[in-house]
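The values are calculated or read from the model by the stated rules, or taken from the named source; none is laboratory data. Here the structure is a predicted model, which means the values were calculated and not measured. Neighbour counts are summed over all protein chains in view; Cβ atoms, including those assigned to glycine, are modelled from backbone coordinates with ideal geometry. Surface areas here come from the heavy atoms of the whole protein model, side chains and all, with no ligands, DNA or RNA. Shrake-Rupley method; radii C 1.70, N 1.55, O 1.52, S 1.80 Å.
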Amino acid sequence: MTHDVQGWDKAMATTRVRQGVPVAFRGADTDRDILDPQAQPPMLFHGHPGRITSPAIQHILVDWVGLEDEPASFAVGFCPRAIEGGWAGPVVPGLAEISEDEYLLRKQRIERGERPVP
């Protein structure tokens, strides 16, 4: 599951949520949960790579590349939308599972000061 032709990663299946899985952020670029003005990168980009550190389905935490010490990584969680009966839905809308190769490619782009996806 990698970056697709239209530039949007597919929402991660709830059944694939596990610690250490490489993922990408599916939201719009944001600096909302980045407190250090010197943080590099200065924001969480659409397509930003990270790894799941806490797979609790109601509050999935991700260490985002370059933002490991920011609230975006240790305080802001993701979860699937609830479906009938209060059960977790089939996907986590804010995250996309990506391959190890795609993770490394995006990580290298961030480290060079570029956006994670063109």
Inset, instruction - Could you list all residues from the stretch 73-90 that are in contact (Cβ under 8 Å) with a residue 60 or more places away in the chain and not in a strand (DSSP E or B)? - result: P80, G89, P90
Legend entry - Residue under evaluation V117, criteria (1) touching a Gly at 6+ places or on another chain (Cβ under 9 Å); (2) open to solvent by 20 Å² or more (accessible area, probe 1.4 Å); (3) at pLDDT below 95, criterion not met: (2)
Inset, instruction - Could you check A96 against (1) open to solvent by less than 20 Å² (accessible area, probe 1.4 Å); (2) out of contact with any helix residue (DSSP H, G or I) (no Cβ under 9 Å at 6 or more places or on another chain); (3) within 27 Å of P37 (Cβ to Cβ) and say which number it fails? - result: (3)
Inset, instruction - Filter the stretch 16-51 down to residues that are touching a helix residue (DSSP H, G or I) at 6+ places or on another chain (Cβ under 7 Å) and of a type in the set (K, R), then give me how many there are. - result: 0
Legend entry - The one condition in (1) within 12 Å of the chain's Cα centre (by Cα); (2) open to solvent by less than 10 Å² (accessible area, probe 1.4 Å) that D63 fails to fulfil: (2)
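Do we have any residue at all in the stretch 101-110 that's of a type in the set (K, R) and in contact with a Gly (Cβ under 8 Å, 6 or more places away or on another chain)? Walk me through how you get there before you give the answer.
First, the residues of the stretch 101-110 that are of a type in the set (K, R): 106-107, 109.
Next, from what is left, pick out any that are in contact with a Gly (Cβ under 8 Å, 6 or more places away or on another chain): 106.
Scanning the stretch 101-110, I find at least one residue that is of a type in the set (K, R) and in contact with a Gly (Cβ under 8 Å, 6 or more places away or on another chain), so the answer is yes.
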Legend entry - Which listed residue, of G47, G20, G27, is touching a residue at least 60 places away in the same chain (Cβ under 8 Å), assigned to a loop (DSSP other than H, G, I, E, B) and surrounded by fewer than 16 Cβ atoms within 10 Å (Cβ to Cβ): G27
Inset, instruction - Output the residues belonging to the stretch 50-72 that are closer than 21 Å to E102 by Cβ and part of a loop (DSSP other than H, G, I, E, B). - result: P55, V65, G66, L67, E68
Inset, instruction - Look at the stretch 91-118 and say how many of its residues are in contact (Cβ under 8 Å) with a residue 12 or more places away in the chain and in contact with a Pro (Cβ under 8 Å, 6 or more places away or on another chain). - result: 14
